[in-house]
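Data first, discussion second: the structure below is written as structure tokens.
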Amino acid sequence: MANADLEKSTVETAYARWAPIYDAVCGPVMVMGRRAAAEAARNIGGKILEVGVGTGLSFDDYDATTEITGIDMSEAMLEKARAKMASGKYPFVRAVHRMDAHNMTFADSTFDCVVAQFVITLVENPERVLSECHRVVKPGGRIILVNHLYSEVGFAAALERWAAKKTRKLGLRPEFPFARLQAWAQSNENTNLVERRKVAPFGIYSLISFERTPSPQVA
């Protein structure tokens, strides 16, 4: 089944293999999407959680107006992120943790913003991860996603369905549709879609932003 979810072990193994070359290969490819997500997060400011922080490629995209915490399941990736932190160049990056985004250990309403760049289509249960992001972000805060999303119709959709069969062992899922994110938001209390836009220059990636709306006051 093309839309079957990825197994966690598949993704962990794939990204352990990617770690040594990740910055060189994925850095240039993902740079515009990464910068768009970080810019949106900087506009919120405050405490930012980056889910799937990886090797810390995004550290250069933040600044002292933010306080960054990162999580990732790949220890090989996190070793590279910690080396960047040890350089002293990123004092605003407070900590990175090996943590499963499906079951975060952070308290409710900890962060002003949660960012997941090129992550939500790769996790085993995207809806569970989104709900965890919603839990740990403060009311009025944002969940910011950047990803390639399934084209759904036409030649691009057919190509992505074909690619899905070839790339699953690499920890990729190119056929993930926006409708799945939309369905999660509609079924999740106190969630509002505030932005969906293509990222320039080519529109390969989409930026999606959800707000955790405040709970209604009980009279």
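Coordinate-derived values only; no laboratory data. This one's a predicted model, so the numbers in the text were calculated from it and none came from an experiment. Every residue, glycine among them, receives a Cβ derived from its backbone with ideal geometry; neighbour counts consider all protein chains shown.
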Charge context of Ala37, other residues only, Cβ under 15 angstrom, K/R +1, D/E -1
0
Which of Phe202, Phe178, Phe92 has the fewest other C-beta atoms within 10 Å, and how do the rest follow up to the most?
Phe202, Phe92, Phe178
Net +/- balance of residues flanking Asn103 in space, Cβ distance below 10 Å, scoring K and R +1, D and E -1
-1
